[in-house]
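The values are calculated or read from the model by the stated rules, or taken from the named source; none is laboratory data. Remember, predicted model here, so these are calculated numbers, not experimental data. All Cβ positions, glycine included, derive from the backbone under ideal geometry; neighbour counts span all protein chains shown. Each accessible area value is taken on the protein alone, full model and side chains, heavy atoms only, with ligands, DNA and RNA left out. Shrake-Rupley method; radii C 1.70, N 1.55, O 1.52, S 1.80 Å.
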Amino acid sequence: MLSNPRPRSRIAFAVTVSLSISSVSTACRAQGQALKSYNAAIGDSSISGISSGAFMAVQFGFAWSSIIKGVGVVAGGPFYCAEASAADIINNFTLPMLKATGPCMKGPPPELDLQPMIAKLEAKASAGAIDPLDNVKRQKIYLFHGYNDAVVATRVTDAAAEFYRRYLGDSARGNLFYQHTRGAGHSFVVKEQAARELNACAANQGPFIDQCGYDQAGIILQHIYGALRPGTLGPLGGTIKSFDQNRYTGRHIADALSMGDEGYVFVPTACEQGAACRVHIALHGCQQDAGTIGRLFIEQTGYNAWADANRIIVLYPQAKVSPFLPFNPEGCWDWWSFIDHDDSYVTKAGLQIAAIKAMLDALTAGGGSPPAQPPEQGGVPAELIVTDISDTAAALAWTPVEGTSSYRVWRAGADNVFRSVAETQGPSYGDHGLTPATPYAWQVTALVGGIERSRSPSARAATRPTPAPCNAPGECP
């Protein structure tokens with residue numbers, strides 16, 4: 001997806017001129033359709049992305065951790081991976097691109113060293129440029145790497161998992177689930193099996209949407225929000241709307257930020273009619289913007305069906321191909337500071353982060369409290385499901401119980417004896433340390449006012465076998 005384009009030398013003067021020319025005031029340019037405001041609480045928002053969109057989702061999730069409830073990272077890496085800063089003027093701003101297409105694609109230490117990334121994150125948090133890091137402990141984190149991915153190495157997403165575990169800590173370790181046992185290529189993965197415009201499971205080519213019989217959108221949303229109603233089958237009740245991204249790019253036109261003029265949003269009918277809803281931001285990867293593949297990412301990734309059935313508004317911001325200034329020939333999101341060439345790109349002040357946040361602000365301007373969950377009878381989750389499973393971990397989700405302070409997760413192995421394994425916040429949990437190719441069962445109890453309620457019905461699944469090493473990604477079974 002990010003295919004090692006030759007870095008083009010640029011000088012600070014040229015960048016300054018480019019941004020100055022593009023700094024057209026709102027009053028001086030015609031503007032198209034604005035986003036409508038909905039009854040959606042901003043604190044119930046979430047974000048996910050694939051490839052460059054995954055790196056941007058990580059940046060946005062840390063920058064705005066006070067309002068982002070969960071993050072989905074598909075074939076992405078850690079925060080500040082390219083380590084771009086204003087000091088790169090000495091190398092004509094080419095070193096961050098070399099890092100982005102080198103260690104941030106292929107890994108391993110010492111080239112991919114987390115310490116500078118950790119130091120930058122903590123410095124930005126101390127300075128107030130991003131939200132306090134304690135917020136991260138309440139986020140639900142889903143990570144995915146397909147072992148046939150020939151673009152981003154497993155070690156890079158492993159580094160992202162290590163980075164998140166540092167800030168989740170032991171108490172919130174179950175907020176993270178990492179799937180790395182599926183044979184997908186570099187792609188967003190969908191349940192479909194025979195869509196002609198999409199790829200086979202192991203593919204590493206456009207449109208970078210692979211058919212693996214794996215409902216990635218539903219798994220991400222349920223890891224963040226708990227068990228949801230199954231996605232709508234057949235025609236959707238909601239609608240996809242386009243809007244003018246220039247309205248949300250501040251004093252710059254969208255083109256100057258390597259963003260398309262048009263963005264998209266899926267709005268369920270219930271949200272349009274004023275029901276309490278929530279917002280998920282879905283970020284495409286390189287070579288997946290609407291100008292390159294049309295509306296395939298917007299229409300074919302599976303988010304809309306789940307959103308339609310569960311009152312979730314899906315925002316699809318759009319990057320674009322930019323052949324000169326800024327230099328972004330594959331339509332990627334800015335995770336190596338190709339726009340303003342300093343380290344603000346990973347903060348609230350980052351130009352693309354600020355634009356996406358302005359879109360989120362607009363959508364949630366009419367919001368109040370998060371959507372109310374119907375009380376479960378007797379304080380017991382009505383449904384517990386295994387949404388995903390790897391060789392050593394299981395992703396669990398259940399229906400929330402009103403008034404619950406926390407949940408206790410119980411697990412049984414071959415002896416069928418349930419033992420408490422964790423206490424967690426929120427209606428999902430990543431259970432780790434399991435044995436490959438082994439059956440398990442789980443139950444959940446809600447703690448309401450300090451009182452533990454009855455256990456949920458059991459959910460059962462067997463872990464997957466550990467895949468054989470894949471030495472030729474794209475060709476492994």
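Starting from the Cα gyration tensor of region 57-97, multiply each eigenvalue by 5, take the square root, and state the resulting semi-axes largest first in whole Å.
Value: 27, 12, 5 Å, ordered largest first.
Let me know the volume per residue of the alpha-carbon convex hull for region 36-118, in Å³. Walk me through the intermediate numbers first.
Details: hull volume 10.4 nm³, N = 83.
Measuring per residue, one finds 126 Å³ for the Cα hull of region 36-118.
With θ set to phi - 60° and the Karplus curve 6.51 cos²θ - 1.76 cosθ + 1.60, what are the ³J(HN,Hα) couplings of region 104-120 in order, to the nearest whole Hz, using x for Gly and Pro?
6, 9, 10, x, x, x, x, 4, 9, 9, 6, 4, x, 5, 4, 4, 5
Consider all pairwise Cα distances in region 299-351 and report the whole-number % of them above 16 Å. Don't skip to the end; give the middle numbers.
Working: 787 of 1378 pairs.
Cα-Cα pairs of region 299-351 separated by over 16 Å account for 57 percent.
Taking 2.2 N^0.38 Å as the expected size of a compact globular protein, what ratio does the Cα radius of gyration of region 403-443 give against it, to two decimals? Could you put the intermediate results ahead of the total?
Details: Rg = 11.2 Å, N = 41, 2.2 N^0.38 = 9.0 Å.
Rg over 2.2 N^0.38 Å, computed on Cα atoms: 1.25.
Using Cα centres only, tell me the gap between region 78-115 and region 415-477 in whole Å.
Going from one Cα centre to the other spans 36 Å.
Using only helices, what value at 222 nm comes out for the chain when you add -39,500 (n - 2.57) per DSSP H run of length 4 or more and divide by the total residues, to the nearest 500 deg cm²/dmol? Each step should come with its number before you reach the end.
Details: 12 runs with 106 residues, N = 477.
Taking each H run of at least 4 residues, the total per residue is -6000 deg cm²/dmol.
What ³J(HN,Hα) values, in whole Hz, does the Karplus curve 6.51 cos²θ - 1.76 cosθ + 1.60 give for region 126-133 when θ = phi - 60°, with x put for Gly and Pro?
Result, rounded to whole Hz: 4, 7, x, 6, 9, 5, x, 5.
Over region 246-367, consider all pairs of different Cα atoms and compute the Kirkwood hydrodynamic radius from their mean reciprocal separation; express it in Å, one decimal.
Computed over Cα pairs of region 246-367, the Kirkwood hydrodynamic radius comes out at 15.0 Å.
Just list whichever of Lys106/Lys140; Lys191/Lys348; Lys140/Lys348; Lys69/Lys241; Lys124/Lys320 have alpha carbons separated by over 30 Å in the model shown.
On the way: Lys106/Lys140 26 Å; Lys191/Lys348 35 Å; Lys140/Lys348 21 Å; Lys69/Lys241 24 Å; Lys124/Lys320 28 Å.
From the list (Lys106/Lys140; Lys191/Lys348; Lys140/Lys348; Lys69/Lys241; Lys124/Lys320), the Cα-Cα distance tops 30 Å for Lys191/Lys348.
Whole Å is fine, so just give me how far the alpha carbon centre of region 57-71 lies from that of region 141-172.
16
Based on the Kirkwood radius over alpha-carbon pairs, what is the Stokes-Einstein translational diffusion coefficient of region 185-284 at 20 °C with 1.002 mPa s viscosity, in µm²/s?
132
Using a cut-off of 13 Å between beta-carbons, work out the net charge of the residues near Tyr440 (Lys and Arg +1, Asp and Glu -1, Tyr440 not included).
+1
Sorted by mean Cβ packing within 10 Å, highest first, what order do the peptides 431-443, 65-77 take?
Ranked from most to least packed, the peptides come out as 65-77, 431-443.
Provide the three semi-axes, in whole Å and in decreasing order, of the ellipsoid equivalent to region 318-429 as defined by the square roots of 5 times the Cα gyration tensor eigenvalues. Each step should come with its number before you reach the end.
On the way: eigenvalues 361, 93, 29 Å².
Value: 42, 22, 12 Å, ordered largest first.
Students often check this: by mean Cβ neighbours within 10 Å, which of 302-308, 86-92 ranks highest, and how do the rest follow?
302-308, 86-92
Among rounded, prolate and oblate, which fits the chain when a ≥ b ≥ c are the square roots of the eigenvalues of its C-alpha gyration tensor, a/c under 1.5 means rounded, and a/b larger than b/c means prolate?
In terms of gyration-tensor shape, prolate.
Within the P(r) computed for region 27-69, what percentage of the Cα pairs occupies the region above 15 Å?
Distances greater than 15 Å cover 59 percent of the Cα pairs.
Given H placed on each backbone N at 1.01 Å, which residues far from Leu176 in sequence or on other chains put an amide H within less than 5 Å of it?
Ile141, Gly430
In Å, the Kirkwood hydrodynamic radius of region 62-214 over pairs of distinct alpha carbons?
16.7
Quick one: which residues, 5 or more positions from Ala422 or on another chain, have an amide H under 5 Å from its amide H? H modelled 1.01 Å from N in the peptide plane, none for Pro or chain starts.
HN-HN under 5 Å from Ala422: Val409.
Local charge sum around Thr269 (other residues, Cβ-Cβ under 10 Å, Lys/Arg +1, Asp/Glu -1)?
So the environment of Thr269 carries a net charge of -1.
Around Glu262, which amide H atoms from residues at least 5 apart in sequence, or from another chain, sit under 5 Å from its own amide H, with H modelled in the peptide plane?
Under 5 Å from the amide H of Glu262: Gln245.
For region 438-447, just list the computed ³J(HN,Hα) in residue order, Karplus coefficients 6.51, -1.76 and 1.60, θ = phi - 60°, integers in Hz, with x standing in for Gly and Pro.
Working through the residues one at a time gives 9, x, 9, 9, 9, 9, 9, 10, 9, 9 Hz.
Measure nothing but the geometry: give the 0 to 90° angle between the long axis through the Cα atoms of 12-22 and the longest principal axis through the Cα atoms of the chain, rounded to 10°.
Approximately 80 degrees, to the nearest ten.
For Ser171, Ser242, Ser45, what's the largest-to-smallest order of accessible area, 1.4 Å probe?
So the residues, ranked largest to smallest area, are Ser171, Ser242, Ser45.
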